[in-house]
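Below is one structure, written out as structure tokens; the observations come after it.
The values are calculated or read from the model by the stated rules, or taken from the named source; none is laboratory data. Please read all numbers here as calculations on a predicted model, not as lab measurements. All Cβ positions, glycine included, derive from the backbone under ideal geometry; neighbour counts span all protein chains shown.
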């Protein structure tokens, strides 16, 4: 079983990052997508702590201080830079391929937020457009083994409640993923249930954090859950999202083969 978790770390300051790291290390997820990373000491503490725990970390700090995304893995991976080369803000879109059977490629996303200012809207639209174009160019067989996850900063067209202010290009992104046969894991397993991953100051719930899986991987999806403990404990302002896929990490399989003596 392969466990994937995505969580927005809210550019954690050092004290909060220490508590968030403790929470992450109490879990046994194989892959952790960290969104809204920064170049500050809090993110550095998180990534250093995950590496010290034996995880490999894929992270590209932004030279201009822009927020980003990182992926930590407990199992062997190989970088997949060709997947993100044409994305407008590559520091917000790390990618890697996991040593599993069948193979799984992970694309983490931290989509820019927007307060409706023209420059921020343009930045967000350019990022979403280049991500969609990249996924269109990806061979169908590769997309079938792809997991996309992170904080997309968009809501679906049928989100309840409906909120004014979201632009057509923001709704279009989730539609584009569906057209590319990248399926919303949690919504598929929990139909007719409106989940929330971020709660506004007035108590309004938004579903911003997602995991999408390709056609070859969807039959392997066993579970998906929003975890509100880190949000309720004020480790971050987002719920985490986790999913388990019935695929086998090769390293684990090899260890099992080695550990079990031959009976004949």
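For the stretch 101-119, a residue qualifies if it is in contact (Cβ under 8 Å) with a residue 60 or more places away in the chain, crowded, with 24+ Cβ neighbours inside 10 Å and under 19 Å from residue 76 (Cα atoms), and the qualifying residues are 104, 106, 108. When the residues of the stretch 10-45 are filtered to those that are buried (at least 22 other Cβ atoms within 10 Å of the Cβ) and within 26 Å of residue 247 (Cβ to Cβ), the one that is nearest to the chain's Cα centre (by Cα) is 33.
One line per residue, one yes/no per condition, for (1) under 21 Å from residue 198 (Cα atoms); (2) in a helix (DSSP H, G or I); (3) touching a residue at least 12 places away in the same chain (Cβ under 8 Å):
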position: 23; (1), (2), (3): yes, yes, yes
position: 29; (1), (2), (3): no, no, yes
position: 39; (1), (2), (3): no, no, yes
position: 49; (1), (2), (3): no, yes, yes
position: 64; (1), (2), (3): no, no, no
position: 69; (1), (2), (3): yes, no, yes
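In the stretch 204-220 there is at least one residue matching the filter, namely being closer than 22 Å to residue 143 by Cα and surrounded by fewer than 13 Cβ atoms within 10 Å (Cβ to Cβ). The set of residues in the stretch 75-86 being surrounded by fewer than 21 Cβ atoms within 10 Å (Cβ to Cβ), touching a helix residue (DSSP H, G or I) at 6+ places or on another chain (Cβ under 9 Å) and free of Cβ contacts under 8 Å to residues at least 60 places away in the same chain consists of 81, 85, 86. Of all residues in the stretch 234-250, exactly one satisfies the criterion of being at pLDDT 95 or above, more than 18 Å from residue 184 (Cα to Cα) and assigned to a strand (DSSP E or B), namely 238. Looking only at the stretch 78-88, residues that are modelled with pLDDT of 95 or more and under 20 Å from residue 6 (Cβ atoms) come to 1 in all. Residues in the stretch 95-104 that are in contact with a helix residue (DSSP H, G or I) (Cβ under 7 Å, 6 or more places away or on another chain) and part of a strand (DSSP E or B): 95, 100, 101. Could you go through the stretch 67-75 and let me know if any residue there is over 21 Å from residue 146 (Cα atoms) and modelled with pLDDT of 95 or more. So far as the stretch 67-75 goes, yes, one or more of its residues are over 21 Å from residue 146 (Cα atoms) and modelled with pLDDT of 95 or more.
With a requirement of 2 or more residues that are modelled with pLDDT of 95 or more and under 17 Å from the mean Cα position of the chain (by Cα), the helices (runs of 4 or more DSSP H) lying completely within the stretch 127-211 that satisfy it span 168-179, 185-189. So, in the stretch 157-171, how many residues would count as being touching a helix residue (DSSP H, G or I) at 6+ places or on another chain (Cβ under 8 Å) and either surrounded by fewer than 18 Cβ atoms within 10 Å (Cβ to Cβ) or free of Cβ contacts under 8 Å to residues at least 24 places away in the same chain (or both)? Counting residues in the stretch 157-171 that are touching a helix residue (DSSP H, G or I) at 6+ places or on another chain (Cβ under 8 Å) and either surrounded by fewer than 18 Cβ atoms within 10 Å (Cβ to Cβ) or free of Cβ contacts under 8 Å to residues at least 24 places away in the same chain (or both) gives 3.
Among the residues of the stretch 142-156, write down those that are out of contact with any helix residue (DSSP H, G or I) (no Cβ under 8 Å at 6 or more places or on another chain) and at positive phi. Scanning the stretch 142-156 gives a single hit, 150.
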